[in-house]
Amino acid sequence: MAEIEPFHVMALLARARELEAQGRSIIHMEIGEPDFPTPEPVLRAGIRALEKGELHYTPTPGLPQLRQAIAGFYRSRYGVEISPSRVIVTTGSSAALLLACAVLLDPGDEVLLADPGYPANRHFVRVVEGAPRAVPVDAASSYQLAPAHLERHWAPRTVAALVASPSNPTGTLVSTERLSAMAEFVRGRGGTLIVDEIYHGLVYEGEYTTALSLTDDVFVINSFSKYFNMTGWRLGWMVAPESVVPEIDKLAQNLYLAAPTPAQYAALAAFEPETAAILMARAQELKARRDYLVPALRALGFDIPVTPQGAFYIYAGCARLTRDSFAFARDLLEQAGVAITPGIDFGANAPERHVRFAYTSPIERLKVGVARIGEFLRV
Ligand SMILES: Cc1ncc(COP(=O)(O)O)c(C=O)c1O
């Protein structure tokens with residue numbers, strides 16, 4: 001437990017809420033979830049499920065029709081055929097990541113992870129007595145693991161590498177070519193590649209595809225949280241190699257029995273054309289926010305060497321503005337009413353020189369935020 005850390009941003013968010021309760025205006029650029037409401041068709045499907053009393057356990061790997069719909073999503077979005085029997089519906093991608101670590105790792109087994117990266121990943125590894133191995137990444141590899149990192153850091157106890165593309169906190173992509181080379185490398189070492197595709201669909205330029213189009217020998221993680229704007233429904237999924245599905249099923253039965261039933265019925269509407277049109281418009285809105293915010297932050301003196309291609313994050317160097325990103329984020333909140341996330345949440349690779357901006361507020365609010373940061377920096 002001593003090695004499990006909280007999300008530091010939660011304390012910051014709590015302080016921001018406290019200031020708001022006192023009447024202060026706060027611009028939120030710290031929150032890692034879309035500000036959009038659940039799409040109407042999904043909401044209606046959820047309400048219908050509640051009214052019909054669809055409130056019993058589902059089978060552990062998920063409602064058969066939802067597993068089928070997810071398989072259909074791979075066919076329509078990526079042109080990839082997968083069997084619905086390989087889809088396991090989970091309580092958010094968080095549960096999928098935990099299940100993947102639990103099924104793959106023995107005590108002491110190592111997993112390679114990019115630093116900076118999503119903070120929970122190293123804790124999923126650690127909580128099942130694995131050893132997270134943080135690999136420092138920088139602009140040279142678009143803040144992503146690259147084949148050369150795997151070659152350098154793969155050790156006798158390494159059994160897996162985890163890639164998130166687009167990444168939290170950097171919003172950058174792994175190219176298909178590199179992903180393919182990494183899949184091949186990992187297979188050659190008898191290991192497993194885990195690919196977190198939770199921000200797929202929120203990609204504003206650049207080619208990308210699911211890792212399932214490259215190989216069946218991969219754990220692909222995804223979620224209804226981000227692209228589908230369903231964070232609080234707690235629903236995600238994993239596509240695993242057929243041979244490990246019974247093991248995952250067994251484990252999930254014991255850990256949480258099944259994902260929430262009303263959420264699964266609601267999610268059936270997530271793939272309908274009406275929902276798809278809503279989500280596409282929202283992705284365009286996020287792109288417009290990114291296109292505004294990246295140059296605005298650069299003009300303020302933040303370093304953004306790689307333009308983030310996806311998700312809703314900008315990972316910005318702040319070394320020209322401060323020597324302590326944590327104090328910077330704290331002072332910015334207290335003095336200017338702008339909440340951002342300090343680098344410390346994403347690892348040990350120069351966290352004091354980085355902050356993360358989330359563009360999960362409307363563009364008018366982002367503009368107010370930028371103006372406030374400008375004033376704060378001039379003081
Ligand atoms: C990269 C990444 N993976 C997984 C998650 C977990 O999301 P959820 O459990 O809501 O699917 C998050 C949440 O921020 C994330 O950023």
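No lab work stands behind these numbers, since they all come straight from the coordinates. The structure displayed is predicted, hence computed values, not measured ones. Cβ sites come from the backbone with ideal geometry, for glycine too, and all protein chains shown count toward neighbours.
For a quick protection proxy, order the peptides 271-278, 62-69 by their average other-Cβ count within 10 Å, most packed first. Let's see the in-between values first.
Numbers: 271-278: 15.4, 62-69: 18.9.
The densest-packed peptide leads the list: 62-69, 271-278.
Is any residue of the stretch 44-70 close enough, with backbone N under 13 Å, to a label point placed 7 angstrom from the Cα of GLN253 along the Cα-Cβ axis, and if so, which?
Only 59-62 pass the distance filter.
Under a Cβ-only charge scheme (Lys and Arg +1, Asp and Glu -1), can you give me the dipole magnitude of the stretch 313-379 about the Cα centre, in debye to the nearest 20?
Details: 9 positive and 7 negative charges, 38 e Å.
So the magnitude is around 180 debye.
Explain nothing, just the number: dipole magnitude of the chain about its Cα centre with +1 on each Lys and Arg Cβ and -1 on each Asp and Glu Cβ, in debye rounded to the nearest 20.
Values: 35 positive and 41 negative charges, 122 e Å.
Magnitude of the dipole: close to 580 debye.
Contour minus end-to-end for ARG24 and VAL127, with contour as 0.36 nm per residue of separation and end-to-end as the Cα-Cα distance? Please list the in-between numbers first.
Numbers: separation 103, 0.36 × 103 = 37.08 nm, distance 3.90 nm.
Result: 33.2 nm gained on full extension.
I'd like the distance separating the alpha-carbon centroids of the stretch 92-137 and the stretch 323-365, in whole Å.
25
Label-point separation (nm) for SER175 and LEU50, each offset 7 Å from Cα along Cα-to-Cβ?
Taking the simple label geometry, SER175 and LEU50 are separated by 4.8 nm.
Over the chain, with a Gaussian network built from C-alpha contacts below 10 Å, which listed residue (SER83, SER93, SER165) shows the highest mean-square fluctuation?
Checking each option, the largest mean-square fluctuation is seen for SER83.
Nearest 5 percent is fine: what portion of the DSSP beta bridges confined to the chain is antiparallel? It would help to have the intermediate numbers written out before the result.
Numbers: 17 of 38 bridges.
Antiparallel: roughly 45 percent of the beta bridges in the chain.
Using Cα springs under 10 Å in a Gaussian network model of the chain, which residue among PRO34, PRO84, PRO342 shows the largest mean-square fluctuation?
PRO84
With Cβ to Cβ distances under 15 Å as the rule, what net charge do the other residues near THR192 carry (K, R +1; D, E -1)? Walk me through the intermediate numbers first.
Values: positive: ARG86, ARG133, ARG157, ARG187, ARG189; negative: ASP106, ASP109, GLU110, GLU184, ASP196, ASP216, ASP217, GLU242, GLU247.
For residues surrounding THR192, the net value is -4.
Please list 3J(HN,Hα) in residue order for the stretch 290-298, calculated via the Karplus relation 6.51 cos²θ - 1.76 cosθ + 1.60 where θ = phi - 60°; whole Hz, with x for glycine and proline.
Here the 3J(HN,Hα) series is 4, 5, 6, 6, 4, x, 5, 6, 4 Hz.
With N set to the number of residues, divide the alpha-carbon radius of gyration of the stretch 240-294 by 2.2 N^0.38 Å and report two decimals.
On the way: Rg = 17.9 Å, N = 55, 2.2 N^0.38 = 10.1 Å.
Relative to the 2.2 N^0.38 Å estimate, the stretch 240-294 comes out at 1.77.
Would you grab the residues whose amide H sits under 5 Å from the one on THR192? Only those 5+ places off in sequence or on another chain, please, with H modelled 1.01 Å from N.
ALA160, ALA161
So how do 187-198, 46-57 stack up, highest first, on mean other-Cβ count within 10 Å?
Values: 187-198: 20.0, 46-57: 12.7.
Most protected by this proxy first, the peptides run 187-198, 46-57.
Please compute the modelled spin-label separation between ARG320 and THR209, points set 7 Å along Cα→Cβ, answer in nm with one decimal.
About 3.9 nm, to one decimal.
Would you mind calculating the relative contact order of the chain from Cα pairs under 8 angstrom and at least 6 residues apart, reporting the percent as a whole number?
On the way: 734 pairs, mean separation 94.2, N = 379.
Result for the chain is 25 percent.
Among LEU193, THR60, GLN284, whose Cα projects farthest towards the positive end of the dipole of the chain, with charges put on the beta-carbon of Lys, Arg (+1) and Asp, Glu (-1)?
GLN284
So if I place +1 on the C-beta of Lys and Arg and -1 on the C-beta of Asp and Glu, and nothing else carries charge, what would the dipole magnitude of the stretch 227-320 be about its Cα centre? I want it in debye, nearest 20. Present the calculation step by step, with values, prior to reporting the outcome.
On the way: 8 positive and 8 negative charges, 100 e Å.
That gives a dipole near 480 debye.
Summing +1 for each Lys or Arg and -1 for each Asp or Glu, what net charge is found among the other residues whose Cβ lies under 12 Å from the Cβ of ARG353?
Numbers: positive: ARG320, ARG323; negative: ASP138, ASP303, ASP324, GLU352.
In short, -2.
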